[in-house]
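Undergrad: Handing you a structure now.
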Amino acid sequence: MAGYIEDRWLKKRPDKLTGKWERTAIYGTGKRYRVKGIPGIQDRSFHTSEDAKQWLASAKTDSSRGEFVDPRKGEILLADYIVEHWWAGRSDEPSTADPMRSRIWNHIIPLVGDYALREIDASALRTFAAALLTRVEESTAEVIWGHLSSILGSAVDDQRLLRNPMKVKNSVKPPRAIDSKAKAWTREVVDAVRAGLQDRYQIAVDLGIGLGLRQGEAFGLAEKDFDFAAGVVHVRRQLRWDIKGRPYFSLPKGRKTREVPLPAHLALRARDHFRRFPSTPCTLPWRSPETPTTALEERQRKPITVDLILTSSHGNRIYYRTWNDRSWKRALAAAGLIKPVG
């Protein structure tokens, strides 16, 4: 590998007549020794020749292993790296991007955003973990810790860090959610929760317990998704809302559709629900509620119409926050699962 050290205070060759080394115009100012000639790496200056020699030797060794990282690339602040490089290069759907952005901007940037990438060491990570647990629960802290690890992993890929400090610091323990064993509801509890809901919403309990649907999947379910002859329900979409409160349809979690067996008793409940509460057409954009800016985005976000089986008493699509506060939590309280506060 090429590479050499240049003395910036003396000219490259001695005087032909006197044999003495002549001073350059910058003699006595700035760092004296500069390491040059490393392909793809900016020159770097040092005050002493010993520091220059050590850095050049280390650079040669790391380069031969394919591990060379110019330390100056790691001088960028974590907050600047996130905004200008990491976040700018992501293309997550709103359902993923909005909560992720909220966690990063509300916790990671305020707590460690002023650190340069190369300054994030074991001490900084321990301080971050301790401060994080004063702001959020362990389960949320675990997710935020994963975001920071992903960011620093990208910095390694961008050759701003040699290694991800969150992967090599044995003294740093990531926050962990407290494991709790899930306990299934009894038949009496299920019946009590169902009875606490309005008639038009009671099918939601069956969709969650009988089919294992998530809330957004239940709210995005259409009558034609029920195949009574085959005894299955096709889970093709979910109803989502972005951070601005705009609704849209998207694929189920994991970006995968699936088929769920339809029990006979649930089929009877579904038919009764369809008869009593006719499905309501709902047209929403697919994948993102943002206005398309390209022809590709226009195709990807083309609105679709779905005959929703769960709608509000006014025949509108369900807004999950209103439904949770005014229907679901009240049903849980009536069943004795939670206690009203305030």
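The values are calculated or read from the model by the stated rules, or taken from the named source; none is laboratory data. It should be emphasised that the depicted structure is a prediction, and the values quoted were computed from it without experimental measurement. Here the Cβ is made from the backbone with ideal geometry for all residues, glycine too, and neighbour counts use every protein chain on show. Heads up: the accessible areas ignore ligands, DNA and RNA and are worked out on the full protein's heavy atoms, side chains in. Shrake-Rupley method; radii C 1.70, N 1.55, O 1.52, S 1.80 Å.
Undergrad: Would you grab the residues whose amide H sits under 5 Å from the one on Cys282? Only those 5+ places off in sequence or on another chain, please, with H modelled 1.01 Å from N.
TA: Residues meeting the amide H criterion: Val306, Asp307, Leu308.
Undergrad: Moving to a separate point now. Rank Gly315, Gly153, Gly19 by mean-square fluctuation in a GNM of the chain with C-alpha springs under 10 angstrom and give only the top-ranked residue.
TA: Top of the fluctuation ranking is Gly19.
Undergrad: Dipole size in debye (nearest 20) for the chain around its Cα centre, Lys and Arg Cβ +1, Asp and Glu Cβ -1?
TA: About 340 debye.
Undergrad: From the phi of every residue in segment 224-237, what ³J(HN,Hα) in whole Hz does the Karplus formula 6.51 cos²θ - 1.76 cosθ + 1.60 yield, where θ is phi - 60° and glycine or proline is x?
TA: Result, rounded to whole Hz: 6, 6, 8, 9, 5, 5, 7, x, 9, 10, 8, 8, 10, 7.
Undergrad: Let me ask something else about it. Can you run phi through the Karplus equation (6.51, -1.76, 1.60; θ = phi - 60°) for segment 208-215 and list ³J(HN,Hα) in whole Hz, with x for Gly and Pro?
TA: 3J(HN,Hα) across segment 208-215, in whole Hz: x, 7, x, 10, x, 7, 6, 4.
Undergrad: I would also like to ask the following. Can you list the aspartates and glutamates whose alpha carbon sits under 19 Å from that of Lys16, skipping same-chain ones fewer than 8 residues off?
TA: Partners within reach: Asp7.
Undergrad: List the GluC sites (Glu not before Pro) within segment 281-342 that fall in a DSSP loop (any state other than H, G, I, E or B) and whose Cβ has at most 14 other Cβ atoms within 10 Å.
TA: The qualifying sites are Glu290.
Undergrad: Taking only protein heavy atoms and a 1.4 Å probe, what accessible area per residue, in Å², does the chain have with all protein chains in place?
TA: Result: 60 Å² of accessible area for each residue.
Undergrad: Just report the Cα centroid separation between segment 158-175 and segment 84-135, whole Å.
TA: About 14 Å separates the Cα centre of segment 158-175 from the one of segment 84-135.
Undergrad: Over the alpha-carbon set of the chain, work out the extent along each principal axis and list the three values in angstrom, largest first.
TA: If we take the Cα atoms of the chain, the spans are 108, 46, 36 Å.
Undergrad: Note down the net charge around Arg13, summing +1 for each Lys or Arg and -1 for each Asp or Glu among other residues with Cβ under 12 Å from its Cβ. Intermediate results must be reported in sequence, preceding the final value.
TA: Working: positive: Lys11, Lys12, Lys16, Lys20; negative: Asp7, Asp15, Glu22.
Overall, the nearby charge balance is +1.
Undergrad: Considering only protein heavy atoms, with the full assembly of protein chains and a 1.4 angstrom probe, order Val136, Val112 by accessible area, largest first. Walk me through the numbers before you get to the answer.
TA: Values: Val136 25, Val112 5 Å².
The ordering from most to least exposed comes out as Val136, Val112.
Undergrad: Explain nothing, just the number: relative contact order of the chain, from Cα pairs under 8 Å at least 6 residues apart, as a whole percent.
TA: Answer for the chain is 12 percent.
Undergrad: For the chain, set up a GNM with springs between Cα atoms under 10 Å and report which of Lys302, Lys53, Lys253 has the largest fluctuation.
TA: Looking only at Lys302, Lys53, Lys253, the biggest GNM fluctuation is shown by Lys53.
Undergrad: Using protein chains only and a probe of 1.4 angstrom, how many square angstrom of Ile309 are accessible, to the nearest 10?
TA: 10 Å²
Undergrad: Determine which lysines satisfy two conditions relative to Lys12: a Cα distance under 22 Å, and not lying fewer than 8 residues away in the same chain.
TA: Lys20, Lys31, Lys36, Lys53
Undergrad: Could you give the distance between the Cα centres of segment 207-263 and segment 307-342, to the whole Å?
TA: That distance is 18 Å.
Undergrad: Rule-of-thumb check for segment 90-233: C-alpha Rg over 2.2 N^0.38 Å?
TA: For segment 90-233, the normalised Cα radius of gyration comes out at 1.49.
Undergrad: With the cut-off at 22 Å, report for segment 165-238 the share of all Cα pairs above it, as a whole percent.
TA: Value for segment 165-238: 49 percent of Cα pairs lie more than 22 Å apart.
Undergrad: Run the count for segment 217-342, please: Lys pairs, Cα-Cα under 25 angstrom, 8 or more apart or on different chains.
TA: For segment 217-342, qualifying lysine pairs total 10.
Undergrad: Give the angle, between 0 and 90 degrees and rounded to the nearest 10, that separates the Cα long axis of helix 122-132 from the longest principal axis of the Cα atoms of the chain.
TA: 30 degrees
Undergrad: Accessible area of Glu119, 1.4 Å probe, to the nearest 10 Å²?
TA: Here the residue's solvent-accessible area equals roughly 80 Å².
Undergrad: When the chain is treated as a GNM, springs tying every alpha-carbon pair under 10 Å, which of Ala192, Ala182, Ala141 comes out with the largest mean-square fluctuation?
TA: Judging by the Gaussian network model, the answer is Ala182.
Undergrad: Rg and Dmax in Å for segment 178-290, alpha carbons only: what are they?
TA: Final numbers for Rg and Dmax: 15.2, 44 Å.
Undergrad: Roughly to the nearest percent, how much of the accessible area of segment 66-222 is carbon and sulfur, given a 1.4 Å probe?
TA: 46 percent
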